[in-house]
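Visitor: Sharing a structure here in structure tokens format.
The values are calculated or read from the model by the stated rules, or taken from the named source; none is laboratory data. Bear in mind the structure is a predicted one, so any value in this text is a computation, not a measurement. We place every Cβ from the backbone using ideal geometry, glycine too, and count neighbours over all the protein chains shown. Note: accessible area is taken over every heavy atom of the protein model, side chains too, but ligands, DNA and RNA are not part of it. Shrake-Rupley method; radii C 1.70, N 1.55, O 1.52, S 1.80 Å.
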Amino acid sequence: MNISVIGTGYLGAVHAACMAEIGHHVLGVDSNPEQIDKLSRGCPPFFEPGLADLLTRGIAAGRLRFSGSLREAADFGEVHFICVGTPQSAGALSADITSVDAVVEGLAPHLRGECIVVGKSTVPAGTSARLANQLAALAPAGVRVDLAWNPEFIREGLAIQDTLIPDRIVLGVRTARTAAVLRSVYEPILAAGTPCLVTNFSTAELAKAAANAFLATKISFINAMADVCEAAGADVTVLADALGFDRRIGHGSMSAGLGFGGGCLPKDLHSLLAQGAGLGVGDSLRLLHEVDRINGLRRARVVELTRELIGRELADCHVAVLGAAFKPGTDDVRDSPALAVAHALQADGAQVRVHDPEAMENARAAHPKLDYALDVKTVCEAADIVLHLTEWPQYRYIEPRTLRNIVRHPVILDARNALPLHRWRAAGWRARSLGVGITT
């Protein structure tokens, strides 16, 4: 099929490349000329493993190109995917869907033939029904333009896998014909046995926010248990394993530590809270307020533990921070717990230096007053404490004995419970993690 993907940020660029990979002819559209230029040259404007290869392959095969024109998208596509961002509204919990509205208003007047517009952006329940009416009113093709909602469930760092081998595909539609067309779009993926759920608009709209709210709940639960473990002298990492082997619970999102961040989980959690309040069922979601509160407390807890481990005021202390991205496998620093901790420590007077394998440029743009170093050795020079805040796999292979001769005081706080702390202790370090009732 001929497919347009409107919005080539994180979601759109990955979706466009993956649709070309499974055989469709794809036009990616964006209002940012610089973004279009980079993608047209096969250069992702952000870090995502494997995306550069996928872009290059699609462009070379003649199945993938990029443009800045909605008119061109309308003339080209049989199916149009809306993949623009829906960030949290300034000063409110609700999602800002201005960009989604702008795409519909800009695309609809050019739709002169039968086609399907498919929303992938995360929006509040009720948005699709409104947009379907808007499309029918604005498009010259009228009711021959149908709308569907197909939420995304991709994880940064695993986005290509999650698009090509997803856990499920959810289609919110009004007609059997639209469902059949979208099944054809995803036919190579569905042929591999991927479950496909066909439902109504509202269910599809709620699917992403509900999934992220549940994952956030698991993370906050195990972090609450981490506090209990510290007080009781227990080990939350072993406790998480004991829970995870229960098939009803599972190991996913059961790692205690600094908590969640990024552009999706916090936003979708807040959006669901706003929707519940708007629908008059806010009391049913009170649990999620506590999930959000616990998550915020993790950052404050790491700052508090840093003070305790240093044993004096933070003024003039040197803090080395390992990690700036909100999670490994991405250069995304939106609502990064690591940078939130680094910023809080700097605000208390500490001299903070940060390292990250991929997110340095974005971190520097978000927090220009922090210091940055290009390698682990430099970031740890003369440090009074080392904080491990993003669980990049390469940090597991740091040689503690080498760093022992570089830092001022050999103290490390593993806020992600991911380092082999026995090796650090054997090398003469005082090592602490979250949720383990032992301080060495």
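Visitor: Could you tell me the distance between the Cα centroids of region 1-46 and region 347-405, to the nearest Å?
Guide: 33
Visitor: Through the Karplus equation 6.51 cos²θ - 1.76 cosθ + 1.60, θ set to phi - 60°, convert the phi angles of region 58-67 into ³J(HN,Hα) values in whole Hz; use x for Gly and Pro.
Guide: Whole-Hz 3J(HN,Hα) from phi for region 58-67: x, 5, 4, 7, x, 9, 9, 8, 9, 8.
Visitor: Within the set of other residues whose C-beta is less than 13 Å from the C-beta of Leu434, count the net charge using Lys and Arg as +1 and Asp and Glu as -1.
Guide: Details: positive: Arg298, Arg299, Arg301, Arg416, Arg432; negative: Asp227, Glu230, Asp235, Glu304, Glu308, Glu391, Asp414.
Local net charge: -2.
Visitor: While we're looking at this one, here's another question. Label-point separation (nm) for His251 and Asn405, each offset 7 Å from Cα along Cα-to-Cβ?
Guide: Each label point lies 7 Å from its Cα, and together they span 3.7 nm.
Visitor: Would you work out if region 36-160 is rounded, prolate or oblate? Take a ≥ b ≥ c from the square roots of the eigenvalues of the alpha-carbon gyration tensor; rounded if a/c is under 1.5, else prolate when a/b is larger than b/c, oblate otherwise. Display every interim value, and only then the final one.
Guide: On the way: a/c = 2.16, a/b = 1.24, b/c = 1.74.
The shape class here is oblate.
Visitor: If I model a spin label as a point 7 Å beyond the Cα along the Cα-Cβ vector, how far apart are those points for His289 and Asn200 in nm?
Guide: 2.9
Visitor: Over the chain, with the other protein chains present, what is the accessible area per residue in square angstrom, probe 1.4 angstrom? Before the final figure, lay out the partial values.
Guide: On the way: 18480 Å² over 440 residues.
Value returned for the chain: 42 Å² of accessible area per residue.
Visitor: I'd like the accessible area for Ser284, computed on protein heavy atoms only with a 1.4 Å probe and all protein chains in place. Round to 10 Å², please.
Guide: Result for Ser284: roughly 100 Å² accessible.
Visitor: Hey, another quick one. Assign one of three labels to region 293-405, namely rounded, prolate or oblate, based on the Cα gyration tensor with a ≥ b ≥ c the square roots of its eigenvalues; rounded applies when a/c is under 1.5, prolate when it is not and a/b is larger than b/c, and oblate otherwise. Write down the numbers at each step before the final one.
Guide: On the way: a/c = 1.38, a/b = 1.03, b/c = 1.33.
Rounded, because the longest to shortest axis ratio a/c is under 1.5.
Visitor: Strictly over 28 Å apart at the Cα level, which of Lys327/Lys369; Lys38/Lys120; Lys267/Lys377; Lys218/Lys267; Lys267/Lys369 would you flag in this model? Let's see the in-between values first.
Guide: Values: Lys327/Lys369 22 Å; Lys38/Lys120 23 Å; Lys267/Lys377 35 Å; Lys218/Lys267 16 Å; Lys267/Lys369 26 Å.
Checking Cα-Cα distances, Lys267/Lys377 exceed 28 Å.
Visitor: Give the percent of DSSP beta bridges with both residues in the chain that are antiparallel, rounded to the nearest 5. Could the numbers behind the result be given before it?
Guide: On the way: 3 of 47 bridges.
Close to 5 percent.
Visitor: While we're here: When the Cα centres of region 410-429 and region 193-260 are compared, how far apart do they sit, in Å?
Guide: One Cα centre to the other: 26 Å.
Visitor: Rank these residues by their accessible area, most exposed first, probe 1.4 Å: Tyr397, Tyr10. Before the final figure, lay out the partial values.
Guide: Working: Tyr397 180, Tyr10 45 Å².
Largest accessible area first, the list is Tyr397, Tyr10.
Visitor: For Glu187 and Glu381, what does the FRET efficiency come to when R0 = 56 Å and r is the distance between their Cβ atoms, rounded to the nearest 0.05?
Guide: Values: r = 56 Å, r/R0 = 0.99.
Efficiency, rounded to the nearest 0.05: 0.50.
Visitor: State whether region 1-76 is rounded, prolate or oblate according to the following rule on the C-alpha gyration tensor (a ≥ b ≥ c being the square roots of its eigenvalues): a/c under 1.5 gives rounded; otherwise a/b larger than b/c gives prolate, and the remaining case gives oblate. The partial results should precede the final answer.
Guide: Working: a/c = 1.70, a/b = 1.14, b/c = 1.49.
In terms of gyration-tensor shape, oblate.
Visitor: As a test of the formula, what do you get for the chain when each DSSP H run with n ≥ 4 contributes -39,500 (n - 2.57) and the sum is divided by the residue count, at 222 nm and rounded to the nearest 500 deg cm²/dmol? Numbers along the way, then the final one.
Guide: Numbers: 18 runs with 193 residues, N = 440.
For the chain, the value works out to -13000 deg cm²/dmol.
Visitor: On to the next question. Per residue Cα convex hull volume for region 69-124, in cubic angstrom? Don't jump to the answer; show the numbers that get you there.
Guide: On the way: hull volume 4.1 nm³, N = 56.
Hull volume over Cα atoms, normalised by residue count, gives 73 Å³.
Visitor: Taking a point 7 angstrom from the Cα of Ala61 along the C-beta vector, which residues in region 1-43 have backbone N less than 13 Å away?
Guide: Under cut-off, by backbone N: 1, 16-26.
Visitor: Once the piece of chain linking Asp37 and Ala366 is laid out straight, how much longer is it, given 0.36 nm per residue of separation minus the C-alpha distance between them?
Guide: Values: separation 329, 0.36 × 329 = 118.44 nm, distance 2.39 nm.
Full extension of this stretch gives 116.1 nm more.
Visitor: Follow-up question, since we're still on this one. Given a Förster distance of 35 Å, report the FRET efficiency between Asn133 and Asp241 from their Cβ-Cβ distance, rounded to the nearest 0.05. Numbers along the way, then the final one.
Guide: Numbers: r = 51 Å, r/R0 = 1.45.
It comes out at approximately 0.10.
Visitor: Going out from 0 in 20 Å bins, what whole percent of all Cα-Cα distances in the chain drops into each bin?
Guide: In order of increasing distance, the bins hold 24, 51, 23, 2 percent.
Visitor: Please compute the contact order of region 228-330 in relative form: average sequence separation of alpha-carbon pairs under 8 Å and at least six residues apart, divided by the residue count, as a percent. List each step's numbers first, then the result.
Guide: On the way: 49 pairs, mean separation 22.3, N = 103.
After rounding, I find 22 percent.
Visitor: Then there's this: Once you keep just the Cα pairs under 8 angstrom separated by 6 or more residues, what percentage relative contact order results for region 313-407? Write down the numbers at each step before the final one.
Guide: Numbers: 183 pairs, mean separation 34.9, N = 95.
Worked out over region 313-407, it gives 37 percent.
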